[in-house]
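The values are calculated or read from the model by the stated rules, or taken from the named source; none is laboratory data. The structure presented is a predicted model; accordingly, all values stated were derived computationally and were not measured. Positions of Cβ are generated from backbone atoms using ideal geometry, with glycine treated the same way; all protein chains shown enter the neighbour counts.
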Amino acid sequence: MRRVTILLFTILVLLSACKIKSPIMPEWDLTLRVPLMNERYYASELVDSTDIFVDPNDVVYMRNVGQSETPELGTIAIQPNFPTQAIPILSGVEFSGSFSIVDPVNNYQLVYGLLENSVFQSRFSQMLSGVSSVLVTFVELRNPDGSPFQISYSGNEEWQNTNLNFHYIGTSGSSAIIEDIHYTILTISNHATNTVVGQFELAMDGDLAFSKFEGRLPNFRLDMEDTTSSLDIEYPYGLQEAIQLLEATINLTLTSYVGFETEFHGEFYAINYATGDTRILELVDANFQYYMTAPAIGGQPGITNIIFSNRVNELLQIMPDYVELRNSYFLIKSTTNMDIGSVRKADRIIGDYVINAPFHFTLVEDQNTGYTKRIIIKETVDLEISGENRNRIRDNALLADMAVSVINTLPVGVKAELYVGSEPNIDIDDPDTFSFVKSFNVISGTLAPGNQSIDLSLTKAQIDVFDNPMVYLQWVFYFEASAESVTITASQADYIHVQSMLTARIHVQESK
């Protein structure tokens, strides 16, 4: 009995010396990988066949086309200088006279003109009885059938209106300038010869208006309608300060239905609404002389092709939203030592222009940094983070980094800045609009043709940004400045491939 008691006592002592531990739940660390982006950006994606194109050599170029024209020329008007006093009518003799059609203001010189909507006014007055007939014949003014235009006395002493539609003055194809219209007045009456038997008056309701005019029209001006051509291109912010365009041309084709050589005046105006930058390019040649247009000949329009290259790159350097051909007009340079020309009222001049700017440029260094000024990509990358990943990041993330893999086949290197935030509309100049920024360098495809891997470590505060349902990335690039020119092509071999992944070390412990 005593032995049993001692054994029980010993067991109790041993048990009292032991501590019974709670069960331990398993725990471990794992790596969470959240894909952020996997994009391949081809230079050819710039091509929209509206403003960006590719030439046969795969070179990307900006192109814009537009058209402007003058209104129809309309009729050419000349105010005749009729006698201010009534012309006496003499019995029994042929009286001759003339009136001038020389334009005292514009100095137009008429060789031939087809009249339209011109009303000739005449009146016989103070006529004596015994006058049998009075016939007024105008030598240079012709009826549509070619006979001289005549007015005869019929006993009516009121003003008479005669529509001169399709009447004409002069001879088509001639070179003789007509300065005066000559007339004769032949009277038959029973009065003695040289007796004044009445008087004759001339007037015009308006001007002599010619629907076809041959002669000279010194400094006659045809205004062109202003035209605006929008360039629907989403330029990255700052692009105009980072690159310097090397080649740009404007091809202007002027189609003239006017039978005179004309002097072309005009300018191209460009504006970038985002920056407020404007440029004006006056359309003159390398010697600052105006271009001359070829006249229409034999019913065929004159075609003038002009290629502007001087300073066109300056016009497009601002990356304009639209380009406008404005303040454009044509002057007929018709002087006495120049050939006779011709116009019709429907004549006009049409201007078709094509602006070409290949993506062939130098990258401009900014203040000895070795890089261009920043270029901000307008559109952000929008990332949706799943609820499961957000929970893991929020509760268990210990450390993380952002792994970026880049393949750059373009011939330039770049420094990239990646702005990360939980709200859209990131403003890189306002730290309140983003959470953090990371930067890294990408070597040019010429020097590093393969994959380039970059690891960007993140702090706990930066990791927590990915605890939001949406995360926004804003790219900013600084290209390596280049002394030599760079050409961007659009073949399938020209692209930048960017892969990005959030890699987080997660501590996991099973719950009881």
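Scan (1) assigned to a strand (DSSP E or B); (2) in contact (Cβ under 8 Å) with a residue 24 or more places away in the chain; (3) surrounded by fewer than 18 Cβ atoms within 10 Å (Cβ to Cβ) for the single condition Val437 breaks and write down its number.
Only one criterion in (1) assigned to a strand (DSSP E or B); (2) in contact (Cβ under 8 Å) with a residue 24 or more places away in the chain; (3) surrounded by fewer than 18 Cβ atoms within 10 Å (Cβ to Cβ) is unmet by Val437, namely (2).
Restricting attention to the stretch 382-400, does a residue exist that is among the charged types (D, E, K, R) and under 30 Å from Phe260 (Cα atoms)?
Looking for residues that are among the charged types (D, E, K, R) and under 30 Å from Phe260 (Cα atoms), one finds none in the stretch 382-400, hence no.
Taking interchain pairs and intrachain pairs at least six residues apart, which have beta carbon atoms under 6 angstrom, with the first residue in the stretch 198-226 and surrounded by fewer than 16 Cβ atoms within 10 Å (Cβ to Cβ) and the second outside any loop (DSSP other than H, G, I, E, B) and among the aromatic types (Phe, Trp, Tyr)?
Final answer for the pair search is Arg221/Tyr329; Asp223/Tyr329.
For the stretch 376-388, what are the residues that are touching a residue at least 40 places away in the same chain (Cβ under 8 Å), surrounded by fewer than 16 Cβ atoms within 10 Å (Cβ to Cβ) and under 14 Å from Leu502 (Cα atoms)?
Glu384
For Ile428, which of the numbered conditions (1) surrounded by 19 or more Cβ atoms within 10 Å (Cβ to Cβ); (2) assigned to a loop (DSSP other than H, G, I, E, B); (3) touching a Lys or Arg at 6+ places or on another chain (Cβ under 9 Å) fails to hold?
Looking at each condition in turn, Ile428 falls short on (1).
Among the candidates Ala274, Ala270, single out the residue that is surrounded by fewer than 20 Cβ atoms within 10 Å (Cβ to Cβ) and within 23 Å of the chain's Cα centre (by Cα).
Ala274
Tell me the strands (runs of 3 or more DSSP E) entirely within the stretch 299-393 that contain at least 1 residues that are within 30 Å of the chain's Cα centre (by Cα).
Correct list: 302-308, 322-332, 349-358, 360-363.
Any idea which residue in the stretch 256-267 is farthest from the chain's Cα centre (by Cα), counting only those that are crowded, with 20+ Cβ neighbours inside 10 Å and in a strand (DSSP E or B)?
Among residues in the stretch 256-267 that are crowded, with 20+ Cβ neighbours inside 10 Å and in a strand (DSSP E or B), the one farthest from the chain's Cα centre (by Cα) is Gly259.
Can you name the strands (runs of 3 or more DSSP E) wholly within the stretch 126-178 that have at least 3 residues being of a type in the set (Asp, Glu) and in the same structural domain as Ser96 (by TED's automatic domain parsing)?
By residue number, no strands (runs of 3 or more DSSP E) qualify.
Can we say Ala397 is buried (at least 19 other Cβ atoms within 10 Å of the Cβ) and closer than 30 Å to Thr275 by Cβ?
For Ala397, the condition - buried (at least 19 other Cβ atoms within 10 Å of the Cβ) and closer than 30 Å to Thr275 by Cβ - is not met.
With polar (S, T, N, Q) and surrounded by 15 or more Cβ atoms within 10 Å (Cβ to Cβ) as the only criterion, which of Asn391, Asn356 stands out?
The conditions single out Asn356.
Given the conditions (1) modelled with pLDDT under 85; (2) part of a helix (DSSP H, G or I), report the number of the one that Ala461 does not fulfil.
Result: Ala461 fails condition (1) only.
Kindly indicate whether any position in the stretch 354-377 is more than 26 Å from Phe479 (Cα to Cα), modelled with pLDDT of 85 or more and outside the structural domain of Gln462 (by TED's automatic domain parsing).
Looking for residues that are more than 26 Å from Phe479 (Cα to Cα), modelled with pLDDT of 85 or more and outside the structural domain of Gln462 (by TED's automatic domain parsing), one finds at least one in the stretch 354-377, hence yes.
So, in the stretch 87-126, exactly how many residues are within 29 Å of Lys212 (Cβ to Cβ), in contact (Cβ under 8 Å) with a residue 40 or more places away in the chain and among the aliphatic types (A, V, I, L, M)?
7
Given the options Val60, Val65, name the one that is under 30 Å from Asp321 (Cβ atoms), buried (at least 20 other Cβ atoms within 10 Å of the Cβ) and hydrophobic (A, V, I, L, M, F, W, C).
Only one candidate passes the filter, namely Val60.
Taking the condition of being of a type in the set (A, V, I, L, M) and either assigned by TED's automatic domain parsing to the domain that holds Glu179 or within 26 Å of Gln109 (Cα to Cα) (or both), how many residues in the stretch 304-345 meet it?
5
Which of the residues that make up the stretch 187-219 are within 16 Å of Val102 (Cα to Cα), aliphatic (A, V, I, L, M) and assigned to a loop (DSSP other than H, G, I, E, B)?
Within the stretch 187-219, Leu217 is the sole residue that qualifies.
One line per residue, one yes/no per condition, for (1) farther than 19 Å from Leu418 by Cα; (2) within 39 Å of the chain's Cα centre (by Cα); (3) modelled with pLDDT of 80 or more:
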position: Ser444; (1), (2), (3): no, yes, yes
position: Gly450; (1), (2), (3): yes, no, yes
position: Asn468; (1), (2), (3): no, no, yes
position: Gln499; (1), (2), (3): no, yes, yes
